[in-house]
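No lab work stands behind these numbers, since they all come straight from the coordinates. Keep in mind it's a predicted model, so treat the numbers as computed, not measured. Heads up, the Cβs are rebuilt from the backbone with ideal geometry, glycines too, and the neighbour counts pull from every protein chain shown.
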Amino acid sequence: MTESPQGRSAVPTALVLGLTSTTGAGIFLGLAPAASVAGRWLLPAVVVAALAALCSALSTADQSRAHPAAEGGHAHIRDQLGPWPARLGASAYLLGRAGIAAALAGTAAAYAFPENRALVALLVLVCAGVLSATGVRWSRTALWLVGATVLAVLALVVVTCFGVAPPQAAAPPPADEGFTSFMAVAAIMFVAFSGFERITAPPHGDPVHSARTLRLAIPLLVAVTLVTTLAVAAAVRYQLGSARLALSPAPLRDALLAADGGWLVPLVQVGAVVAALAVLTPVLGGMRRALGSLASTGDLPVRLAPRGDGRAPLLDLLGGLAVVVVLLLAPPATALAIGACGTLFYYAFTNASARLLLHEDRTWPMRTACLGLGLSVLLAMSAPVAALLTTAVVMLVGTGALGLGALVGARRRRDQLPPRESRTSDSRDGDFLMQE
């Protein structure tokens with residue numbers, strides 16, 4: 001990774017890089033499932049989601065600064081909390097990324113080609129997978145074009161929806177408007193902010209931003225994403241109403257049609273596909289990075305570890321297969337809820353490990369990690385029941401499988417040693433497993 005320019009001059013680049021990783025499924029798709037839970041709480045819940053994302057982003061940035069050689073969040077959690085919490089966090093992370101990736105591919109298909117959603121979603125996923133596996137990097141000009149395109153499309157949606165009086169809306173269906181529903185909406189909308197790791201924990205080949213740059217870029221990224229999400233959510237809800245919004249597979253497209261803005265629908269379709277591809281590439285890269293970190297620690301076979309250039313074809317295949325399974329088994333709204341729940345549990349472990357950093361390793365106060373931990377757990381536990389149960393089962397099964405893989409790998413390495421070294425290794429492996 002290369003060091004970025006220091007100070008204010010690097011903030012715009014970091015901001016654009018972050019925005020291209022956040023303006024995806026959360027805005028184009030997340031409004032509908034959030035409104036189906038409790039449309040009344042949609043706008044204030046977005047603010048709570050932004051606060052949880054801000055705390056998690058600060059914790060991630062501090063961890064990356066304290067452990068620059070660590071390969072992603074799994075390694076950070078393992079350094080601070082130990083191997084078993086790291087396996088739990090890794091399982092939650094992989095499920096969260098698989099759910100978000102499936103939702104992104106489904107979103108692009110729902111907007112661009114609703115008649116052939118499954119096939120188009122697979123094609124979008126394959127394209128993004130090829131870009132990620134081959135190590136294709138978006139140039140600075142391409143990033144600016146992607147960010148400008150998506151933001152311009154969203155601005156047109158907002159102006160068009162507020163510029164035309166909405167049709168008479170039907171009475172909203174009865175819904176649970178309690179605290180749990182409010183937090184469930186915030187949990188779903190957390191996905192709209194979850195791309196901040198692109199700048200707080202950059203992958204191999206991306207620029208590493210200084211603490212001074214991140215001190216400005218992180219709050220600015222969350223603020224811009226918050227304002228954009230609030231504006232689009234308010235405009236779409238104004239035009240469709242909570243009841244129609246909750247039932248819409250493509251809320252922005254349907255809001256334009258309701259506002260006699262059908263001529264803008266092709267632009268929204270292009271914006272949805274561009275946003276999906278721009279976000280899918282780092283999401284799939286993050287899955288490869290997490291799987292590579294698990295391979296380097298022995299939880300997965302060591303032969304799966306990435307090469308020196310960061311490429312790992314088998315890990316890309318494993319990550320892609322996981323996304324395909326979620327895509328085929330769950331509709332985009334359900335996949336998004338599962339992705340949000342898994343991601344929130346992962347950031348709960350991230351914030352918990354960030355709390356243990358020494359004072360000299362911190363850019364932000366410990367209170368931000370404590371608040372992020374509490375919000376992440378509260379939002380994850382408030383997710384829709386199906387998403388919460390799925391996440392819990394996958395986390396338990398995944399953690400058990402990773403622990404078993406570590407045990408089998410340790411025994412295999414012991415059996416390959418000469419007799420004298422094997423006897424010495426017996427005690428070391430026993431001590432290692434007891435520590436775990």
Original post:
Taking a label point 7 Å from the Cα of Met366 along the Cα→Cβ vector, which residues of the stretch 75-106 have an amide N closer than 20 Å to it?
Top reply: 76-82
Subject >> Span from the the stretch 67-114 Cα centroid across to the the stretch 232-307 one, whole angstrom >> reply: 15 Å
Subject >> Total charge dipole magnitude, the stretch 7-397, about the Cα centre, Cβ charges on Lys, Arg, Asp, Glu only, Debye to nearest 20 >> reply: 520 debye
**OP:** List the residues of the stretch 228-242 whose backbone N lies under 12 Å from a point placed 7 Å from the Cα of Val164 along the Cα-to-Cβ direction.
**Re:** 239-240
**OP:** Percent of Cα-Cα pairs per 10 Å bin, from 0 to the last occupied bin, for the chain, please list those.
**Re:** 5, 22, 33, 25, 11, 4, 1, 0, 0
Subject >> Inter-site label distance for Arg40 and Arg215 at 7 Å from Cα along Cβ, in nm >> reply: 4.4 nm
Original post:
For Val208, which sequence-distant residues (separation of 5 or more, or a different chain) have an amide H within less than 5 Å of its own amide H, given hydrogens modelled in the peptide plane?
Top reply: Thr2, Glu3, Ser4
**OP:** Take the stretch 226-265, compute every pairwise Cα distance, and split them into 10 Å bins from 0; I just need the percent in each bin.
**Re:** 33, 56, 11
Original post:
If the convex hull of the alpha-carbon atoms of the stretch 281-418 is projected onto planes in all directions, what is the mean projected area in square nanometres?
Top reply: 11.2 nm²
Original post:
Given a cut-off of 19 Å, what percent of all Cα-Cα pairs of the stretch 87-157 lie beyond it?
Top reply: 55 percent
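Throw me the Rg/Rh for the stretch 63-191, computed over C-alpha atoms with Kirkwood Rh, two decimals.
Here Rg/Rh amounts to 1.05.
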Subject >> Calculated FRET efficiency for the pair Val208/Val130, C-beta based, R₀ 35 Å, to 0.05 >> reply: 0.85
**OP:** Please tell me the relative contact order of the chain in percent, rounded to the nearest whole number, where contacts are Cα pairs under 8 Å and at least six residues apart.
**Re:** 35 percent
**OP:** At 27 Å minimum axial length over the Cα atoms and a Kyte-Doolittle cut of 0.0, report the qualifying DSSP H helices in the chain, or say none.
**Re:** 42-66, 83-112, 140-163, 211-247, 265-296, 332-354, 385-415
Original post:
Along the charge dipole of the chain, Cβ charges K/R +1 and D/E -1, which of Val224, Ser242, Ser64 sits furthest on the positive end?
Top reply: Ser64
Original post:
Do the sum for the chain: with -39,500 (n - 2.57) for every DSSP H run of n ≥ 4, divided by all residues, what is the mean residue ellipticity at 222 nm, to the nearest 500 deg cm²/dmol?
Top reply: -25000 deg cm²/dmol
**OP:** Note down, for the stretch 132-270, the three equivalent ellipsoid semi-axes (square root of 5 times each alpha carbon gyration tensor eigenvalue), biggest first, whole angstrom.
**Re:** 32, 20, 13
Original post:
Given a Förster distance of 22 angstrom, what is the FRET efficiency for Ser296 paired with Arg137, based on the Cβ-Cβ distance and rounded to 0.05?
Top reply: 0.45
